[in-house]
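Have a look at the structure below, then the notes.
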Amino acid sequence: MIGEHLAALQVVVPLMAAPIIVLVRRGAFAWALTMVVSIASLAIALALLVQVREVGVVSYALGSWAPPWGIEYRVDIVNAFVLVLIGLLATIGGPYAWRSFAAEVPEDQHYLGYAMFCLCLAGLLGIAITGDAFNLFVFLEISSLSTYVLIALGRERRALVASYQYLIMGTIGATFYVIGVGLLFLMTGTLNLHDLATRLGDVAHARPVLAALAFVTVGISLKLALFPLHFWLPNAYAYAPSVVSAFLAGTATKVAIYVLLRFYFTVFGKSEIFDSLPTQDIFLVLSVAAMFVASAAAAYQENLKHLLAYSSLGQIGYITLGIALANQAGLTGAIVHLFNHGVTKSALFLLAGCIWFRVHSLRFADLAGLARVMPLTCAGFVVGGLSLIGVPATAGFVTKWYLVLGALETGHWWIVFLPVVSSLIAVWYVWRFVEAAYFREPGPALIGIKEAPPILLLPAYVLVALTVYFGLDTSFTVGTASRAAEVLLGGLR
Amino acid sequence: MSPLAALVAALAIPLIGALLIAMAGRAPNLREAITLLTAVLLFLAVASLTPHVLAGGRPQLALFQILPGLLLAFRIEPLGMLFALVASGLWIVNSIYSIGYMRANREEHQTRFYVCFAGALGATMAIAFAGNLITLFLAYEALTLITYPLVTHHGDEEAKRGGRVYLGYLLTTSIVLLLVGIIFTWNVAGTTDFLPGGILGDHLGKAATGGLLALFMFGIGKAALMPVHRWLPAAMVAPTPVSALLHAVAVVKAGVFSVVKVIVYIFGVENIAGLSSVDWLPFMASLTIILASIIALRSDNLKRRLAYSTVSQLSYVVLAAALLAPLSIVGAVFHIAAHAVSKITLFFAAGAIYTAAHKTEVSQLDGIGRRMPVTMAAFTVGALSLIGIPPAAGFVSKWYIVSGAAASGQIGAIIVLVVSTLLNAAYFLPIVYAAFFRPPPAGDAAHGEAPIPILIALVATAAMTVALFFFADVPLQLARQVAGLPD
Amino acid sequence: MSAFSHFSYWVTIFLMIGGLYIVIARGNLVKKLVGLAIFQTSVYLLYIAPGKLIGGTAPIVADGFQVYSNPLPHVLILTAIVVGVATLALGLGLAVRIREAYGTIEEDEIADQDRATEREERGA
């Protein structure tokens, strides 16, 4: 009975939790309910993944209005994978949020923070699960609006400005997206993604479809912080509360990438639109720029969270590079990196939060000699950093393997060396942390500092362990990603 | 113990040892006892495998799939067997030496040191027994990272700089070139297993073969083929036992081992013999041999001179393998062992001199042979071996390399070897001469030999250097199996 | 077909560009939000205008009515308006908080203060 409605419950559970939390107005209750909701989301996502592995596609007609008239929730292997990632990171973030919120957010705002977290979770899950282009916009805005609030909860006043800037950019992005969808609706009369895909075949070459593609691309690229549309991201991640940074870094941009994949391969895949635009080349150039420029910018940051944020921009470049390659290996690399980088970067942000919790600063100057007083935190950070570099036996290595393989398949030798050369920049910025933490004498800021409390360290370490685990046993990640790539490429002519 | 159990033991013992050493951190005696015990057990496990491998056994172990179609797998063949024997055998001696050196010089962070050392040996065993390129690569990178804390052991500005160069060169080459080479191989051949005769077959064109070979040869930065040799002298900032580990036991040996392994088991000697697009390799190796020797000749710092000597000697192995003649392959394999025992002797001697007399420059060594006769005698044995004078191990490998070059009519290689022998003599013999026949400078502080553990280690490796000349059967037999020659 | 026959599109494009221009060109946080609202309004028009047929009625089946307007765009835009209002409210709320924290809502003055904070941190 419940099995039939899993797709709806995936969104409804966190969505309902938010108003309940607001009504009860208790921090502890809010936290407990958020925990329950997060775990339920992960469980439902896993159940859905198991289902789609068996049957291929789970389609759920919301309110029993048959698609394409009603809103359809449509789960295949691609978004089931994304749902699992979101559920996983929410579940990990839950226990961490307790101490993180206590330290960084005024107590009377705790329950509101948790309500926003639930809304954000519902929005992100909704984006991933829905099969309706306009419904996707609504979820996009639900997640975005709650995200703005979560970022504004940050302890510094700069968080407010960061949130405001994100609001402007995010709204422009979402509006561009909805303009694109509007044009598609005008041309086809449908909003169902699957239906759109079939009907677009008949109207290919029409100029509004081209315009729609451009609007959707720019809008989503803003949300996924594709270089050079990334200006909102570093400050937003840097000044948000730790647990929020960690959750967003792992999910928000990743979900946007999923939307891009869905539109490029499922919706526009069957039309001839791509032949008339050099989309692939544009993405290739922008990815390369992100991989090199943003990564290099990371190496010059003074604040650890800024460093991680810029590193995220570079890592997003890997994902879009895989999308630009548009072959089985490249796309597998992109999807697996979407997951692996989500896990790794969340771990790193959680550990950065651990450092802030004790040191109350994330500036490199204050982190000198940190490894003496917080050895576990630093060790975990180094492991996560190695994954960013792509050292074998970490999750990051898997990506690089597939990206290089995908590049080899295109036959362009210069592309082959791009991902590997840019990972050297990651060595550079990761080693800045290593040298600061391990090779300098502890400064006055570190006197009396202890290791972070277990409740903060444990969730981070779960993700660090997963980073290593998914580097060694890739049957789940690569297995799912390569099937997802097959599904997406199957959408192509 | 069954071969499979011994294989598992050889891989697991160093890691378990590292764990126990970390737990025993507060009790130095216990910690060092565990180190020694681990080293001995590891050697026994490896040694117990030797008869089986000599008889043609090839134990293998597949753990799990890293990527679809790519297993984390181990398979022992003669080359890996020899490398594992050398590394695990020298680790025992090195541990004895480390205990003496670290205590005498009152080094800090000794627990970290011993843990990383054991970890490095674990990675080395995984390299030696790797059954395919992906396993090799994994262990190769692990070795780089686990030796980083050893190289930067002193933690000062100089160590940090040395560490940067070390990591920079090794990670850059391995990620940018080696990894791409491995993926290319996988893409072309559909496998990365090490198989006799190679796996590339005729999948690749002439130019692509040459290109792929370049990716591997420069990608394996640990083999220090010029111009990717700079990390080796930079890593000299480390304590002497670490230098010994880098130069003799694990790191550079892992490099040349991988070179030989790739040439023999990935490319296949017969596949690429006579291919004009791979001719650059013997040329580059020759260039490295000569240039590095000249730099060694001009270095006054003893450890730096030894480091460049290593760069030069490593290219002996590369050159020998690149000659693609069966007898020279035997020489290449044997030289891995011969250079290991000789060079570790030289480093131990340099460390002993530093510990006892606090001298680091060649020009300070006048007359030191009178105060430290045992040390300098051992140094002389190591030097003679590397010059290639019997009765020392270095002679045997040189003999085979020259025979291989002569048999395949590669006169250029013979000339390079002769010139380099002269250069070796030119940078080693003056040290020996000065130590024994020049008077010590006036006002020199009185000192005797280094502490006993250091001397024991020193004499042991010097004895091994000579023993390897007289009892060369087992390594030669293994080497002949690698080259595909009848026993 | 004259340019006038695409009248609604011209208005849409004008609002779109005008709104976006205000967002980019104005430094005042509230004015930026006004621009954003105008920009969003253009989308409402983009959806609704094509949904209306001249002479069409609401889609209620009754005698005498053959031509119906498509109701779906109206429904969608009702949702979009709600989203737009929420965004505007949140944006204004943030502007108020920023004014409390910085004492100004001019972008360049805020940036100046942030730079000063950064210099202070670096000095400390």
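The values are calculated or read from the model by the stated rules, or taken from the named source; none is laboratory data. Predicted model, so just to flag it, every value in this text is computed and none were measured. We place every Cβ from the backbone using ideal geometry, glycine too, and count neighbours over all the protein chains shown. The area values use the complete protein model at the heavy-atom level, side chains included, leaving out ligands, DNA and RNA. Shrake-Rupley method; radii C 1.70, N 1.55, O 1.52, S 1.80 Å.
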**Item:** Per residue accessible area of the protein assembly as shown, 1.4 Å probe, in Å²
**Value:** 35 Å²
**Request:** Give, in whole angstrom and from largest to smallest, the semi-axes √(5λ) of the equivalent ellipsoid of region B:1-271, with λ running over the eigenvalues of the Cα gyration tensor.
**Result:** 31, 23, 14
**Prompt:** Taking a quarter of the surface of the Cα convex hull of chain B, what do you get in nm²?
**Reply:** 20.7 nm²
**Prompt:** So what's the gap between the Cα centers of region C:17-75 and region B:308-327, to the nearest angstrom?
**Reply:** 77 Å
**Request:** Consider just the alpha-carbon atoms of region A:212-351 and return their Rg together with their Dmax, both in angstrom.
**Result:** 14.7, 47
**Prompt:** Taking a 1.4 Å probe, which of A:SER276, A:SER242, C:SER8 shows the most accessible area, and what order do the others take after it?
**Reply:** A:SER276, C:SER8, A:SER242
**Item:** Ranked order, B:ARG26, B:ARG480 - accessible area, probe 1.4 Å, largest first
**Value:** B:ARG26, B:ARG480
**Fill in**
Expressed in angstrom and rounded, the centroid-to-centroid distance over alpha carbons for region B:64-110 and region A:284-356 is 35 Å
**Asked** When the accessible area of each residue in region A:178-215 is compared between its chain alone and the complete protein assembly (1.4 Å probe; ligands, DNA and RNA ignored), which residues differ by at least 40 Å², being lower in the assembly?
**Response** A:ILE179, A:PHE185, A:LEU186
**Message:** Keeping all protein chains in place and using 1.4 angstrom, which order do A:TRP65, A:TRP431 fall into by accessible surface area, from largest down?
**Reply:** A:TRP65, A:TRP431
**Request:** Would you mind classifying region C:3-123 by shape? Square roots of the alpha carbon gyration tensor eigenvalues, ordered a ≥ b ≥ c; an a/c under 1.5 is rounded, otherwise it is prolate if a/b is larger than b/c and oblate if not.
**Result:** prolate
**Computed over region B:1-271: relative contact order in percent, which uses C-alpha pairs under 8 Å that are six or more apart** = 20 percent
**Prompt:** 222 nm [θ] for the protein assembly as shown, helices only, -39500 (n - 2.57) per DSSP H run of 4+, per residue, to 500?
**Reply:** -24500 deg cm²/dmol
**Complete:** Expected field for B:TYR354, accessible surface area in Å² at 1.4 Å probe radius, rounded to 10, holds 90 Å²
**Fill in**
Other residues with Cβ under 11 Å from the Cβ of B:PRO453 give, with Lys and Arg +1 and Asp and Glu -1, a net charge of 0
**Fill in**
Averaged over residues of C:42-53, the number of beta carbons from other chains lying within 10 Å of each residue's Cβ is 3
**Asked** Does anyone have the angle between helix B:251-261 and the longest principal axis of chain B? Alpha-carbon axes, 0 to 90°, nearest 10?
**Response** 30 degrees
**Fill in**
Buried by partner chains in region A:459-478 (accessible area down by at least 50 Å² vs chain alone, 1.4 Å probe, heavy atoms, protein only) are A:LEU472
**Asked** Chains A and B: buried accessible surface, both sides, probe 1.4 Å, rounded to 100 Å²?
**Response** 2700 Å²
**Prompt:** Among the residues of region A:401-430, which ones have their accessible area go down by 40 Å² or more when all the protein chains sit together, as opposed to their chain alone (1.4 Å probe)?
**Reply:** A:TRP401, A:LEU405, A:LEU408, A:TRP413, A:PHE417, A:VAL420, A:LEU424
**Area accessible to solvent at A:GLU54, 1.4 Å probe radius, in Å²** = 150 Å²
**Message:** Between helix B:133-151 and chain B, what is the angle of the helix's C-alpha long axis to the longest principal axis, kept within 0 to 90° and rounded to the nearest 10?
**Reply:** 20 degrees
**Request:** Give the interface area between chains A and C as buried accessible surface, both sides summed, probe 1.4 Å, in Å² to the nearest 100.
**Result:** 3100 Å²
**Message:** I'd like the carbon and sulfur percentage of the solvent accessible area for region B:20-122, probe radius 1.4 Å, heavy atoms only, ligands and nucleic acids excluded.
**Reply:** 65 percent
**Asked** Using the Cβ atoms and a cut-off under 15 Å, what net charge is assigned to the surroundings of A:VAL478, where Lys and Arg are +1 and Asp and Glu are -1?
**Response** +1
**Request:** Divide the volume of the convex hull of the Cα atoms of the protein assembly as shown by its number of residues and quote the answer in cubic angstrom per residue.
**Result:** 184 Å³
**Prompt:** So for region B:279-487, what percent of the C-alpha to C-alpha distances run longer than 29 Å?
**Reply:** 26 percent
**Request:** Return the sequence-ordered ³J(HN,Hα) values of region B:367-375 in whole Hz as given by the Karplus equation 6.51 cos²θ - 1.76 cosθ + 1.60 applied to θ = phi - 60°, using x for Gly and Pro.
**Result:** x, 6, x, 6, 7, 10, x, 5, 4
**Complete:** Relative contact order as a percentage, region A:280-493, C-alpha pairs under 8 Å and 6+ apart, gives 29 percent
**Prompt:** Once the whole set of protein chains is in place, how much accessible area is left on B:PHE471, using a 1.4 Å probe, in Å² to the nearest 10?
**Reply:** 150 Å²
**Asked** Do any of B:LYS261/B:LYS303; A:LYS254/A:LYS450; B:LYS253/B:LYS398; A:LYS254/A:LYS305; A:LYS400/B:LYS160; B:LYS222/B:LYS343 go past 26 Å between their Cα atoms, and which?
**Response** B:LYS261/B:LYS303; A:LYS254/A:LYS450; A:LYS400/B:LYS160
**Message:** Defining a contact as two alpha carbons under 8 Å apart and six or more residues distant in sequence, what relative contact order in percent does chain B show?
**Reply:** 15 percent
